[in-house]
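All of the numbers you see were taken from the coordinates with simple rules; none came from a lab. Predicted model only: the values in this text are computed from it and were never measured. FYI the Cβ positions are ideal-geometry reconstructions off the backbone, even for glycines, and counts take in every protein chain you see.
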Amino acid sequence: GDSTSIVVDPSCDEVLRVWSQTTLVFDGTDACLGQSRGMDIDAFSTTELNTLFWDLTNSDGQIVPSGDYIVEYFIAGEELSSTVNVHVQSPVDIPEGVEMSIIATARDGVHSEATPSIISVRLHNSLAEDITLDFGECRLIVNSELFEECGPNDLQANQIVTIAQIPFMLNDGVNEFTISLGNSVLSETFSLDAAPDGDQGIYSGNLESIALDLILEGDSQFGEMENFAPDISIFNNGDEDVALDFTTSCRGEIWVVDSSGNVVMDSRSIKECTEIEVEYQLQPETSRLFTQPEWSFIDMFGCHIPPGDLLVVMEIPEHDLYATDIITLVRERDAYCEDTTLNIDAEVSGEDLLTISPTIVGDDFEISWFSICGLETTLFQAGEQVEQQLSQCNYIEQFSIRASQMELDTLEFEMEGLDDGQYTLFFETTTSPQIRSSVSFDWPIVSEETSEEEVVEEVEEVASRVISGTWSSTTNELGTCWLLNSPDEGILTLAEAKGLATWSPERGA
């Protein structure tokens, strides 16, 4: 444009102002003295202004908390400004014992550039005590891109939680990932090797204008007696027609990942695909539906799925199109598949009152507890049930733990009046996975007393007697040998007198 002139404040030139929503947290104009001076700007010219930096502090010099901010570049005097939105990650204090683990999931176990891979990020409290976390506005960072919040406000003893499940389309070859929390106080770097795309779908038009959506009859929560029977919608939100060619009857497919990163459902394992050539023409603002098979929340091994969020991956495999959505299973089953590698051991004690201290033991196991009583303990004698109790009833919500052992609530059974003999405790959990085990013991419980035998040191008595005589000595290569000439007992030596190593006789005495 034409040449012009603006008014600037020479005492501060350009400054920064930082906003948190409508609150001004840093004001660089505090350094301005209100002076004025003209600045000429030539026609069709560009004037370079000073480069300014913000040190992430507020006007009081304190580090601002994590969160979203607006940084304003401000020319004092003329009051010209320009803004940019930034997200600040302040230092985060993470207690010792909190660990981050990463799980990379491929639909068929092989990562490929033709299908999305799911990256699950989990936090684990490896301590046997509850801990409190203060993440504030901390965000998860994957390859310098911001994602979900860093995690919950607290973790129970040994609790493990999934804080994010993110889909990624990989490139052929090695794909590097760096995942961190906040200011990288917890960070993990890994790589995934992806196989090349084995087929190239035939289409015309702008494929990027095709959007996938999950269509359900009701809401995304599923309770008792409800099955998952979705449709996949493909919608053309562009301005031109899009034509998609297919060579199979399985044009749209879904697979489901649980919070642990396991594939628990795949439509390929439920329905058969046949070869058939067909073309779908999608005009602008039109859609087509692909009906999916019904699923009753039974996983690939025939086990009930525990309650929780499930990630649904929708795919149009021949054209490398995908989208994800979340559904939630809210029902709680009475029985889940048993894990025979886990065992409940117990210490028993008491006289009239039987006290039981059970402990789950295993090899780095993961188990989910629900808001119902989690342990049923039954006392048997001679095959007959004597009594039954429920415990682990204080959980107000579902949670998962990972540990090598877990101490459970102590139980007590009244044994007064019961017959002596062998009894059996049978333990059965309402957890995922389920644990069943038994412990037998004899009643009454005999205390094993360890008696320490008193060791009596035998002292050898040495008999003493009085011998009269005269001392003499003889010398050889071994030294001096003293001899006692006694009229009654003959010649005696000091070798027969024990305990006189420090005493020496006198010659002729």
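Using unit Cβ charges (K, R positive; D, E negative) and no other charged atoms, how large, in debye to the nearest 20, is the dipole of region 343-443 about its Cα centre?
540 debye
What are the semi-axes of the equivalent ellipsoid for region 20-65, taken as the square roots of 5 times the Cα gyration tensor eigenvalues, largest first, in whole Å?
30, 15, 10
Expressed in nm to one decimal, what extension gain is obtained for the pair D193 and T274 from 0.36 nm per residue of sequence separation less their Cα-Cα distance?
Extra length available between D193 and T274 comes to 26.1 nm.
Here are a few candidate values for Rg and Dmax of the Cα atoms in Å: [x] 23.8, 75; [y] 41.1, 146; [z] 25.9, 113. Which one was actually calculated from the structure I just gave you?
Identified label for the calculated read-out: [y].
Please work out the FRET efficiency for the pair V174 and T493, using the Cβ-Cβ distance as r and a Förster radius of 60 Å; give the result to the nearest 0.05.
Efficiency, rounded to the nearest 0.05: 0.05.
Go through I118, C138, P152 and say which Cα lies farthest out towards the positive end of the charge dipole of region 98-194; charges sit on Cβ, +1 for Lys and Arg, -1 for Asp and Glu.
I118
Taking the Cα centre of region 81-162 as origin and charging only Cβ (+1 Lys, Arg; -1 Asp, Glu), how large is the dipole, in debye to the nearest 20?
320 debye
Fully extended, how many nm does the chain gain between I103 and I326 (0.36 nm per residue separation, minus their Cα-Cα distance)?
Full extension of this stretch gives 78.5 nm more.
Taking the Cβ of each residue in I326, I202, I344 as the centre, tally the other Cβ atoms inside 10 Å and list the residues starting with the fewest.
Lowest to highest Cβ neighbour count: I326, I202, I344.
Translational diffusion coefficient of region 4-88 at 10 °C, 1.306 mPa s, Stokes-Einstein with Kirkwood Rh over Cα pairs, in µm²/s as a whole number.
114 µm²/s
What nm value, rounded to one decimal, do you get for the distance between E338 and D442 when each label is placed 7 Å out toward the C-beta?
It works out to 2.8 nm between the two label points.
How big is the dipole moment of the chain about its Cα centre under a simple scheme where the beta carbon of each Lys and Arg is +1, that of each Asp and Glu is -1, and everything else is neutral? Debye, nearest 20, please.
Roughly 1000 debye, rounded to the nearest 20.
Which GluC sites (Glu not before Pro) in region 151-249 pass both tests, a DSSP loop state and at most 16 other beta-carbon atoms within 10 Å?
E217, E224, E226, E240
Between N50 and E376, take the C-beta separation as r, use R0 = 60 Å, and let me know the FRET efficiency to the nearest 0.05.
0.25
May I ask you to derive the relative contact order of the chain, considering only C-alpha pairs under 8 Å and at least 6 residues apart, and to give it as an integer percent?
That works out to 9 percent.
Rank these for me by crowding, Y73, Y336, going from fewest to most other beta carbons within 10 Å.
Lowest to highest Cβ neighbour count: Y73, Y336.
Along each principal axis of its Cα atoms, how long is region 98-194 end to end? Whole angstroms, biggest number first, please.
43, 25, 17
Grab the Cα-Cα distance for L33 and S81, subtract it from 0.36 nm times how many residues apart they are, and report the gain in nm with one decimal.
Contour length minus Cα-Cα distance gives 15.4 nm.
Sum up the charges of everything whose Cβ sits under 15 Å from the Cβ of T83, counting Lys and Arg as +1 and Asp and Glu as -1, but leave T83 out.
Local net charge: -4.
Going by average Cβ density within 10 Å per residue, which order do the peptides 313-322, 15-24 take, highest to lowest?
Per-residue mean Cβ counts within 10 Å order the peptides as 313-322, 15-24.
Taking a label point 7 Å from the Cα of S59 along the Cα→Cβ vector, which residues of region 1-37 have an amide N closer than 13 Å to it?
Counting only backbone N, you get 17-20, 23-32.
Hey, with R₀ at 35 Å, roughly what FRET efficiency would E397 and S249 work out to, going by the Cβ-Cβ distance, to 0.05?
Efficiency, from the Cβ-Cβ distance: 0.25.
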